[in-house]
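Data block below; observations after.
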Ligand code: B12
Ligand code: B12
Ligand SMILES: Cc1ncc(COP(=O)(O)O)c(C=O)c1O
Ligand SMILES: Cc1ncc(COP(=O)(O)O)c(C=O)c1O
């Protein structure tokens, strides 16, 4: 057991900063409402240090609260696919040669109406991102980047055509849960066509977590700060049965 | 019943921004710990949008959470003494003439080790604060401002000497709850000397709430944004038995 | 504002000359073409409106009917057929619209007397253009009434809930907080729809459908909020996409004040066919110009994919081109809200000086243009506190260089579409900074051989050499070769090419003729 | 940095002349007086240390013993008696300290041979001063080792937990984040204690007791953290208060690098007697000077009670006086961290220009001084987002005017003493801004008749007229009349007057003599 709590300036003081809007007018009553609301979240102690009117019927609050909430750090399991020791590009290529013995084929796209290609480009394009080359540069990989706004159906067809080992999907827009709809549709299509087991299915994007991805039927999900070698490591280890 | 929830961009979406420190290293495990912690506070949904190392053993998190917590706004009772319709300076003087018929004597000080006089000066000094004259300028009041770091004992002696109607205490430093110790000591001293009923006891400061003040045995507490006329209104109404 | 950069006037003039030379062949192409959306926009100006039970708008129905009858007929312009139906049926525009929505085919009637048709068309032009003219006057009246009450630069806030009624709430709150301009962001991918949805809408993703009814709802709300706040609130929406001229038409009719409208955005960033886009942008801009609507161009987009330091010249080159295409569509400088952005990586040493220099450069090269300045987006992260600081610096540069239209940066840019409180914090920050440095621009000079002066000179030089290349290559080929924004767009690729129309010798479009003459455009 | 303000050199010279004239009579008074804390500081330099069971420090015990024996004896200086006890008992300093702490009265021994006493005292001077000298060399060694690795300006962060061990944690984190200077804030009201607590402490309010042991603990921690970070970390504490010289002595011994030390702060802001303060500040500054410790003066305090726009001249006047008293105590300009602050109300139009002008003015008038620049505090509110923006603007001005020591503003200034994350956000902001505008100062000029130039000229003019008034009135009377900071301090009022000592003809203080000669101070 290693119980931890938020830290302001003293161990276990439980200090947290919050800010939010309430759909009520600014004023003493609003501030008291803000305070009660925060207390109802289980804070022991709460100071509304600022309030301001956003309009006649909305008001903004800055609050510092103190909580006794804690978690056992030992029991926390990091759940980020890109988190820890990934292999570098050369290592991945070596690994493919050693353990797979043929080129690994990956297909990527930004699906649905999503046109945010910078993320998938960062993973796939030659030039890569932040000093990490993209998958196109991996000699032992064959990488196809289909770009923006690719319908799920089309992506699957293409993956079949090039005999892809892995499909990489990027989802950036999350408003109204579009990404969820879109990600779900993709997996359902695959399953309907009996193809789910043919591909390693990977999804990424700044608001994508591994948990969510797995829940929706993907093999893995990658969030912000992912680099090509993180994904490559996952793919090849998965193919080699080491994951 | 008028149930309200935090508002991000849609009614009842329950969005709240949080930031805090955890006494663990930055990384995937830390982020997961942050997420779990926020969930344990009763948030439904929580995105750790940023983390950074503060040192090898401390890390910082910015989080957006979604809560279903709500409160019934109708049941909220504003509890800020300075909140609503206070009389203006002229009105207060008129009120004293009409309903009290003699000068009202007030004594103020920044007590204990607290040397933050700007707040009590704002309430008492001639020039006042933000276009609200201080009590010294009220013709129907006699106001004594004893300044900084006044021991509680001395303040009481002085109040007795000038036959004060009200004692005004300012407490700004709250670290390690100094203000609580100090405020408590004052009331205990008064009670020990059998004087509690002789004075209207008022405390103020940026982190002082009315609730706290009343709990500690004061008549009332005033927070940030108080003006002289708010306090004056309270004193005279209390003296006239209208509160 | 005193110039600070000592930019050589002859080089600037040379760049403008290059822009005219680059634009000229494109303009020739444009003048001999129309498109389905140009035709639909014409119909809208004439009064065509409404949609059938499947949501297909009346203007689309009319164009489709003509095409179905004989695709070759499109070359005469579609208005003729609509006017014909009006005359033959003796209906009001409203009645005809309803009939068409209910299934009536305008091609079911043979063409009537040409002179009568032209007369009726001239009446429609008078009514339609009169309506827009009166909107323009209303705007002027309101601006005069609330003279000098707007912030300078204008503070521009977006709403993007997807639901027009929720947008109204957010917009009103934004006005209360101090916004001058409200832009209703469109739903994801609307630019790829080859029709304009009809009626009020409540279900968009990342934005709200641009529909004429939504325009009307928001216009009304902003007029109210503006009257209350004692200043005019500029309403903004997006023309860009497969329906540029139609949205411009609806915007003109509903008194929008600004529209996103870039001569190449659709090509580069939405993969819309280049011929189609060039044709569409011209007609849409003529409408914007006549309606007194300020256009906002999209140079900021170059920097979301390319590096802001390296590719600064693409922004300036695009500004010259957008200016030129604007002039060719009859737009005066004061309606040309040329775009640029504060998008450098925040870790760059002296990055602020480069940004300052470039913003000042835009100001000096385009002195009468209400420059549209975009906030940091690409390097925003979940660190909202860092983001707020970046926005503070951006607000500083904008005020210190006298920008015209200031898009407020959101501290949560990397997280979600703006919460109401995010917008408040943005306005509050801008107002603080801009008031606190109010006259800084007038109070300083740049060192003659300093970093800022050198930066501006070198960006101008790079721009000129880039534009010389483009002139040599030709704009169509330059785009095809990926010289802009690192994307290659084949000339016959992209969406919407099938909607391009070669004008026939009998092409009839009295609205175009009217606009061209009103805007002083020689044919 | 190129001057930008065109300030008239003759007026600046005149202001300096006024400062020498104002300081001269005060200096005469100082030279003929000592105080209990000057005596105790002398004892500390000689090695007196420790405390009795009630926590009364050995230096206080010695002084009290002398006074108890005969108050008149104080005029000879107390060191004599301590040396006498050492000689008579044949003890080491440590043994004598222990004995005193256990109750031994130095006055129980009659005075021995004068020559022997003087010789022993000279030995103590050599040891004591040697120790300080070696600390100075250690500092120089470390600074050379990590040359040019510090930020410019130096980033200064406070820790204020009340617990020295917790402070260490926070300080190390702050170093990790990028701080150059760590100041351990003192506990509330320590400045009013007429003794320096002993040993490590864990219970302070709003800060941690300044004790020699706490200094040592933090020094060690910062040396470690600095070595790890590859830069020298400056340790700072507060001399001000009733024990200025003693804390200066402990600081010199434990290799502090900076100390808050203002010639009038105690008088004005802590109601300490003015005679006492002037006497104490001199000796404390001589120690600081010899130890190579940069002092930070407290002009920012004027602005926490008075208006920063109106009373800007009080800051400049105080800087001239602090400079003068510094020179008189043997301090070179490079150790004079004169204070000023960014404390204007954020709603002021062009407030940024005034702040910029004033910061630049300080820089130009005090070109070699490592100016200490304080962040916004008074107008910080619970709106942490606004506060962050204000700090961003402050960081900008600081870098753009080449300040020396930059106190980082906290976004939670109005809420609580800094959380660890608050500090991180502060450093992160400063580093971003300062790198992003790195060479801005060199890249701009001020318009000759602009707002900034005018502002600086007018503040200088007001300062001179204010100093002329003070000269006429005399500094003691000027303070008594409330001419500074709107507070009136009666000459014989305030705390600590009873501890003032008129030096007798036989006053013996070889440390003072040594320091005066080492610092080149003529008597
Ligand atoms: C650039 C940008 C654009 C550009 C996109 C250009 C292009 N070709 O990509 C343009 C201007 C076109 C644009 C348009 C829009 N945008 Co945009 N845009 C951004 C912006 C500023 C940066 C995104 C970016 O490039 N990040 C850099 C890359 C490298 O990071 P990344 O995508 O997170 O990718 C990394 C990881 O997530 C991961 N990853 C990503 N994908 C994948 C896939 C796999 C398989 C793996 C393994 C990993 C992985 O690895 C990458 C490298 O580490 C963000 C705000 C921001 N600062 O984040 C808004 C943002 C994403 N946009 C937003 C919106 C709403 C839109 C619009 C819908 C607005 C509108 N209504 O018009 C439009 C519509 C676009 C559409 N149809 O999708 C919102 C999304 C809100 C939300 N959460 O839903 C954001 C957050 C802005 C905001 N606050 O409102 N946008
Ligand atoms: C100015 C200032 C100082 C000045 C004070 C000068 C003076 N003569 O007052 C100086 C420089 C001396 C100072 C010193 C210290 N300060 Co100080 N200081 C501040 C500062 C910047 C502003 C306070 C202020 O003047 N506010 C303006 C007035 C008008 O507001 P106010 O006090 O809230 O008063 C209003 C209401 O609260 C109310 N009110 C107040 N009192 C009363 C009384 C009555 C009867 C009523 C009815 C109403 C009322 O009415 C007023 C008008 O609306 C604050 C930070 C901040 N921005 O708030 C820190 C702050 C208060 N200081 C702080 C600290 C820790 C200290 C020190 C202890 C630091 C140290 N270790 O050295 C010292 C010690 C002082 C001491 N012994 O008390 C902390 C307190 C943290 C905490 N919550 O415990 C703060 C919050 C800064 C920080 N973030 O660390 N400080
Ligand atoms: C000129 C221009 N038009 C349109 C848009 C956005 O439109 P959409 O995303 O609907 O294509 C932008 C966005 O940056 C733009 O700059
Ligand atoms: C010169 C100087 N000394 C000391 C202090 C603070 O010391 P204390 O609060 O312990 O008196 C300050 C604080 O502002 C200061 O400026």
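The values are calculated or read from the model by the stated rules, or taken from the named source; none is laboratory data. Here the structure is a predicted model, which means the values were calculated and not measured. Every residue, glycine as well, gets a Cβ built from its backbone with ideal geometry; the counts of neighbours run over all protein chains shown.
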Odd one out for residue D:502 among (1) buried (at least 16 other Cβ atoms within 10 Å of the Cβ); (2) in contact with a strand residue (DSSP E or B) (Cβ under 7 Å, 6 or more places away or on another chain): (1)
Among strands (runs of 3 or more DSSP E) lying entirely in segment A:1-75, which contain 1 or more residues that are within 30 Å of the chain's Cα centre (by Cα), within 7 Å of another protein chain (Cβ to nearest Cβ) and within 22 Å of residue C:420 (Cα to Cα)? A:15-22, A:59-67
Would you pick out the residues in segment B:206-222 that are within 14 Å of residue B:183 (Cβ to Cβ) and within 12 Å of chain A (Cβ to nearest Cβ)? B:207, B:208, B:209, B:210, B:211, B:212, B:222
All helices (runs of 4 or more DSSP H) inside segment D:231-293 with 2 or more residues being modelled with pLDDT of 95 or more, more than 16 Å from ligand 3 (Cβ to nearest atom) and more than 14 Å from every other protein chain (Cβ to nearest Cβ): D:244-253, D:274-291
Given (1) surrounded by fewer than 24 Cβ atoms within 10 Å (Cβ to Cβ); (2) farther than 23 Å from residue C:368 by Cβ; (3) more than 7 Å from every other protein chain (Cβ to nearest Cβ), number of the condition residue C:402 does not satisfy: (2)
All-but-one check, residue C:203 against (1) touching a strand residue (DSSP E or B) at 6+ places or on another chain (Cβ under 7 Å); (2) outside any helix (DSSP H, G or I), failing number (1)
Report whether or not residue C:225 is closer than 23 Å to residue C:372 by Cα and either under 14 Å from the mean Cα position of the chain (by Cα) or surrounded by fewer than 23 Cβ atoms within 10 Å (Cβ to Cβ) (or both). no
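Yes/no matrix, rows are residues, columns are (1) in contact with a strand residue (DSSP E or B) (Cβ under 8 Å, 6 or more places away or on another chain); (2) closer than 26 Å to residue C:416 by Cα:
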| site | (1), (2) |
| --- | --- |
| C:356 | no, no |
| C:359 | yes, no |
| C:364 | no, no |
| C:367 | no, no |
| C:370 | yes, no |
| C:375 | yes, yes |
| C:380 | no, yes |
| C:384 | yes, yes |
Does segment C:460-482 contain any residue that is in contact (Cβ under 8 Å) with a residue 12 or more places away in the chain and closer than 30 Å to residue C:389 by Cα? yes
Lone unmet requirement of (1) touching a helix residue (DSSP H, G or I) at 6+ places or on another chain (Cβ under 8 Å); (2) more than 14 Å from every other protein chain (Cβ to nearest Cβ) for residue B:94: (1)
Return the residues of segment D:100-117 that are assigned to a helix (DSSP H, G or I) and surrounded by fewer than 14 Cβ atoms within 10 Å (Cβ to Cβ); say none if nothing qualifies. D:108, D:114, D:115, D:116
How many residues are within 14 Å of the chain's Cα centre (by Cα) and within 16 Å of ligand 1 (Cβ to nearest atom) if we restrict to segment C:283-317? 6
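Listed here are the residues, each with its yes/no results for (1) away from ligand 4 (no atom under 16 Å from the Cβ); (2) within 10 Å of another protein chain (Cβ to nearest Cβ); (3) buried (at least 16 other Cβ atoms within 10 Å of the Cβ).
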| position | (1), (2), (3) |
| --- | --- |
| B:175 | no, yes, yes |
| B:186 | yes, no, yes |
| B:191 | yes, no, no |
| B:195 | yes, no, no |
| B:204 | yes, no, yes |
Restricting to segment D:165-195, count the residues that are surrounded by fewer than 21 Cβ atoms within 10 Å (Cβ to Cβ) and within 7 Å of another protein chain (Cβ to nearest Cβ). 3
Of the residues that sit in segment D:377-396 and are crowded, with 23+ Cβ neighbours inside 10 Å and within 28 Å of residue D:323 (Cα to Cα), which one is farthest from the other protein chains (Cβ to nearest Cβ)? D:394
Here's a check for you: in segment C:202-214, which residue that is more than 10 Å from ligand 1 (Cβ to nearest atom) and crowded, with 20+ Cβ neighbours inside 10 Å is nearest to the other protein chains (Cβ to nearest Cβ)? C:209
Residues that are within 17 Å of the chain's Cα centre (by Cα) and more than 8 Å from ligand 1 (Cβ to nearest atom): which helices (runs of 4 or more DSSP H) entirely in segment A:125-243 hold 3 or more of them? A:178-192, A:210-215, A:228-239
Just checking, does segment D:175-184 include any residue being more than 16 Å from ligand 1 (Cβ to nearest atom), within 30 Å of residue D:396 (Cα to Cα), modelled with pLDDT of 95 or more and in a helix (DSSP H, G or I)? yes
Is there a residue being closer than 21 Å to residue B:87 by Cβ and modelled with pLDDT of 95 or more anywhere in segment B:189-200? yes
So for segment D:202-223 (the condition being closer than 19 Å to residue D:36 by Cβ and within 16 Å of ligand 2 (Cβ to nearest atom)), does at least one residue qualify? yes
Output the number of the condition that residue C:478 fails; it satisfies all remaining conditions of (1) in a loop (DSSP other than H, G, I, E, B); (2) surrounded by fewer than 23 Cβ atoms within 10 Å (Cβ to Cβ); (3) away from every other protein chain (no Cβ under 14 Å). (1)
I'm trying to understand the selection: among the residues of segment A:103-136, which are closer than 18 Å to residue A:234 by Cβ, touching a helix residue (DSSP H, G or I) at 6+ places or on another chain (Cβ under 8 Å) and surrounded by fewer than 24 Cβ atoms within 10 Å (Cβ to Cβ)? A:103, A:104, A:122, A:128, A:129, A:132, A:133, A:136
When segment A:118-139 is checked residue by residue, the ones that are within 12 Å of chain C (Cβ to nearest Cβ) and either within 16 Å of ligand 4 (Cβ to nearest atom) or on the phi > 0 side of the Ramachandran plot (or both) are A:130
